[in-house]
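Only one structure is covered here, and it is reproduced in the block below.
The values are calculated or read from the model by the stated rules, or taken from the named source; none is laboratory data. Because the structure is a prediction, the values reported are computed rather than measured. No Cβ is skipped: glycine too gets one built from the backbone with ideal geometry, and neighbour counts run over all protein chains shown. Accessible surface areas use protein heavy atoms only, side chains included; no ligands, DNA or RNA. Shrake-Rupley method; radii C 1.70, N 1.55, O 1.52, S 1.80 Å.
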Amino acid sequence: MMFWSKLLKPYLVAVVLVAFLATSSAAALDYVLFESGPVRPVAASADGSTLYVANIPDNRLEIFDVSDNGLVLVDSVPVGMEPVAVAVAPDGDVWVVNHMSDSVSIVDPTLSPPRVIKTLLVGDEPRDIVFAGTGGTRAFISTAHRGQQRTDASIAGVIGAGDPQLSTQSIPRADVWVFEATALGNTFGGTPLRILSFFSDTPRALAVSPDGDTVYVAAFHSGNQTTIIPEVTVCDGFDTALPCNSPGFGGTPGNVVPGGLPGPSDNAAGAPAPETGLIVRFDNATGEWHDQLGRDWGPAIPFNLPDHDVFGFDANNLDDTPANVEEFDHVGTILFNMVVNPVSGKILVSNTESPNEVRFEGPGVHGGSTVQGRLSEARITVLTDGVSNTVEPRHLNKHLNYSLLQENLDPNAKQHSLATPLEMVISSTGTLYVAAFGSGRIGVFNASAIENDTFDPTVDSANYIDVGGGPAGMTLDESRNRLYLLERFENEMAVIDLATNATMQVVALSNPEPVSVLDGRPFLYDAALTSGNGEASCSSCHVFGDNDNLAWDLGNPDDVVTVNLQPGPASPPAPFVIPPGADDFHPMKGPMTTQTLRGMSTHGALHWRGD
């Protein structure tokens, strides 16, 4: 569940009613906001003379002429719903990934007017696309492993197609659909060469090695090997998470786990804390499930929880997949985008890391711990593909002192911070540009300094580029020393002069979103506006208005017991009875999973208890 600091609480109503409810006009009532996350929304033609941009809210591919004078919008092509990624094929056709339509629109820009010439049907919620393999003619598209298109009779003979086995354990849940651009088949939605599956959750980012022979795919909500111990029960004087006669204890009750919940046993006012669950995290070094006190709860957890995040495979020899897949583990919790450094060959993954095993929000005085100020670490993780694969996280905001509470924060710290790192591009000489979606900035680094962990945010921030809200995707024009950037908050394209870091042009894209959405979006994403250190925002947990697939224990032992004021039945139907004190909201509420912000207009009180 989302952590609301004192600064955020006044904006709660704004987030709920402004950012997600479009009710201010008749036009607003006609618009449905999906808030799909941009992945790779900007691409350039091979000669750099044309720019292609995914207009996410208006379901269009925008086509710009590029010249020394800037950008000129020349065509706008309707595509599928919520286009989030664009790539240019070797023959010049433009492939657009439509997140909500479960499709890819292939646009021929040489026609007059440009238009969609083929629609490929792919798996559920496609997100990214790259071209790789010999000649660069193979298209790789990341999708969720669900039922969409997989069971169609037209692709029944395709390896990897068929029943997604949604309720079967140990089934890979990250799919990559592969098409040969020069031979799409005669079926209505195209015929893929193969549907590849990888053992992780739904994927998002793709990347290609400099030689074009290796494709990398990353899970989106990768997780961090945390789980919940249910409410504990007493067994021979020891608190355990399973009944005393559970097979998990080998028939021997008692000293299997080292104790009950970490303290405190009450709030600061002395109200006894309720029995709740406990979040524990797997320690890969010891093979144990640790709580924040370092105690092992392994006997109470009858499963393992792999953390395979990024996979590399041969783009040319699909028969080797999944047999010869490289795995990179423990890359991050939420993985956004990837890029390969053409100078070093290392893979860079923009991500956030969530310390959800840390208990409580608030000042942390009575509880002894808090996630306040350290809700989400913005990172780039460096992967080295070789004989011995390495995974090395780099904290982009390593200047932050997490030991300081909110009232003691350095007021200058946030000027060096980057939040929600999305797309990255690297110049031919190794300069790395990072779109910090939650900061209104482009981080600028020497890529080798990120790889070697020698960068210094307090120094490098002097080169950060201040741009409009929500920098989402970009491409470099090295011949003109420019950066072309999609700014999602206002849905506009910006041209950045890299000689001065100044914005030399802004071009608004067509946008059906009501003003209430445009005005409310910063309250969800803008970490400079809503956090003390500039690193986290509401979207750190409610990723693109949805969730992070994690549980958090965001009780506050320094807070007081309140009363549930939500409307409800005075007396439930028999045989149910409201127990005494059931209307109390104890501040130590225990672990609860993050809930989506989507659909809140019809889903009643906010979150689990309505508090």
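A compact table of results
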| read-out | value |
| --- | --- |
| Positions within region 347-370 being out of contact with any Phe, Trp or Tyr (no Cβ under 7 Å at 6 or more places or on another chain) and within 20 Å of Met474 (Cβ to Cβ), in sequence order | Leu348, Val349, Thr352 |
| Neighbours by Cβ (under 9 Å, 6+ apart or cross-chain): first from region 92-116, aromatic (Phe, Trp, Tyr); second in a strand (DSSP E or B) and surrounded by fewer than 20 Cβ atoms within 10 Å (Cβ to Cβ) | Trp95/Val88 |
| Selection from region 438-460 of residues that are surrounded by fewer than 21 Cβ atoms within 10 Å (Cβ to Cβ) and over 23 Å from Val343 (Cα atoms) | Thr458, Val459 |
| Residues that are assigned to a loop (DSSP other than H, G, I, E, B), under 16 Å from Ala551 (Cβ atoms) and not charged (D, E, K, R), drawn from region 275-302 | Thr276, Gly277, Gln292, Trp297, Ile301 |
| Residue tally, condition open to solvent by 10 Å² or more (accessible area, probe 1.4 Å) and of a type outside the set (Gly, Ala, Ser), over region 193-215 | 10 |
| Out of Glu327, Glu288, sole residue that is open to solvent by 60 Å² or more (accessible area, probe 1.4 Å) and in contact with a His (Cβ under 7 Å, 6 or more places away or on another chain) | Glu327 |
| Evaluation of Ala132 against (1) closer than 27 Å to Val543 by Cα; (2) touching a Phe, Trp or Tyr at 6+ places or on another chain (Cβ under 7 Å) (one fails), failing number | (1) |
| Flag for Gly367 being of a type in the set (Gly, Ala, Ser) and either surrounded by fewer than 24 Cβ atoms within 10 Å (Cβ to Cβ) or in contact with a Cys (Cβ under 7 Å, 6 or more places away or on another chain) (or both) | no |
| Residue among Ser601, Ser516 that is at pLDDT below 80, outside any loop (DSSP other than H, G, I, E, B) and either of a type outside the set (Ser, Thr, Tyr) or within 31 Å of the chain's Cα centre (by Cα) (or both) | Ser601 |
| Residue, modelled with the lowest pLDDT, within region 374-396, restricted to residues that are in a loop (DSSP other than H, G, I, E, B) and surrounded by 22 or more Cβ atoms within 10 Å (Cβ to Cβ) | Leu375 |
| Qualifying residue in region 501-514 (condition: crowded, with 22+ Cβ neighbours inside 10 Å and over 15 Å from Leu33 (Cα atoms)) | no |
| Unique residue being polar (S, T, N, Q), touching a residue at least 60 places away in the same chain (Cβ under 8 Å), within 30 Å of Ser36 (Cβ to Cβ) and touching a strand residue (DSSP E or B) at 6+ places or on another chain (Cβ under 9 Å) when the list is Asn533, Asn549 | Asn549 |
| Val208, sole failed condition from (1) without any contact (Cβ under 8 Å) to a residue 24 or more places away in the chain; (2) closer than 22 Å to Asp309 by Cβ | (1) |
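Here is a yes/no grid of residues against (1) surrounded by 24 or more Cβ atoms within 10 Å (Cβ to Cβ); (2) without any contact (Cβ under 8 Å) to a residue 24 or more places away in the chain; (3) assigned to a loop (DSSP other than H, G, I, E, B):
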| position | (1), (2), (3) |
| --- | --- |
| Ser403 | no, yes, yes |
| Leu422 | yes, no, no |
| Val425 | no, no, no |
| Tyr433 | yes, no, no |
| Leu476 | no, no, no |
| Ser479 | no, no, yes |
